[in-house]
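One structure below.
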Amino acid sequence: MFWGGFDLATTRFSGHPAPRHPGGIPNCPGWVMEEAESHENVTVGWWPSSDPPGPAFYAYAYPEPDGFRTATVRPEGVSFDHRYGEFLLPYDTVRTAADPDAAVLQFLQSTYEAGAEMGGWDRRALEPAELPDRPPRRPWSLGR
């Protein structure tokens with residue numbers, strides 16, 4: 001349990017301050033959202049929701065840039081949920097995909113790209129020039 005919800009998430013930041021978050025998130029004090037959303041970001045995660053469409057991967061940008069809700073996001077089966085203000089990729093869509101890992105990666109990458117591009121982020125400064133061709137051999141958190 002973190003930030004008031006039972007989800008798994010990761011966030012990428014632009015490095016620029018964001019407008020103060022208005023709060024209003026159920027089960028989460030306003031001061032928590034002010035801190036969590038203090039800088040421009042794109043957040044992606046997984047939520048074990050029981051509401052339709054059920055468990056899903058999600059993605060949002062804060063502050064939400066113009067055009068984000070209508071951005072082209074992959075893979076097929078993604079929709080924008082206006083109630084929550086985020087893209088949803090149902091777990092059932094991933095579970096039944098020919099390549100579930102590729103489906104999730106497409107979702108993570110395309111939602112980040114939409115938020116970063118539409119938000120005017122300096123992607124060249126934020127992203128590695130070359131992506132690794134393999135997973136790390138050890139957790140990065142363990143140091144050298």
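The values are calculated or read from the model by the stated rules, or taken from the named source; none is laboratory data. These numbers were taken from a predicted model, which means no experiment stands behind them. Note: ideal-geometry Cβ built from the backbone for every residue, glycine included; neighbour counts use all protein chains shown. Quick note on the areas: whole protein, heavy atoms, side chains included, nothing else; ligands and nucleic acids left out. Shrake-Rupley method; radii C 1.70, N 1.55, O 1.52, S 1.80 Å.
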Quiz item: Could we say that Ala114 is aliphatic (A, V, I, L, M), open to solvent by less than 70 Å² (accessible area, probe 1.4 Å), over 16 Å from Asp7 (Cα atoms) and under 14 Å from the mean Cα position of the chain (by Cα) here?
Solution: yes
Quiz item: Is at least one residue of region 125-134 at pLDDT below 95 and touching an Asp or Glu at 6+ places or on another chain (Cβ under 7 Å)?
Solution: no
Exercise. Kindly indicate whether any position in region 46-64 is hydroxyl-bearing (Ser, Thr, Tyr) and more than 24 Å from Ala103 (Cα to Cα).
Key: no
Self-check item: Residues located in region 103-120, provided they are out of contact with any Asp or Glu (no Cβ under 7 Å at 6 or more places or on another chain) and outside any helix (DSSP H, G or I)
Solution: Gly120
Self-check item: Long-range neighbours under 7 Å by Cβ, at least six apart or interchain, first residue in contact (Cβ under 8 Å) with a residue 40 or more places away in the chain within region 28-40, second among the small types (Gly, Ala, Ser)
Solution: Glu40/Ser14; Glu40/Ala18; Glu40/Gly119
Quiz item: Applying the selection to region 78-105, what residues are in contact with a helix residue (DSSP H, G or I) (Cβ under 8 Å, 6 or more places away or on another chain) and without any contact (Cβ under 8 Å) to a residue 24 or more places away in the chain?
Solution: Phe80, His82, Thr93, Ala97, Pro100
Practice problem: Considering every residue within region 64-83, establish whether at least one is modelled with pLDDT under 95 and among the small types (Gly, Ala, Ser). | Solution: no
Self-check item: Odd one out for Ala98, checked against (1) surrounded by 15 or more Cβ atoms within 10 Å (Cβ to Cβ); (2) farther than 26 Å from Glu34 by Cα; (3) hydrophobic (A, V, I, L, M, F, W, C)
Solution: (1)
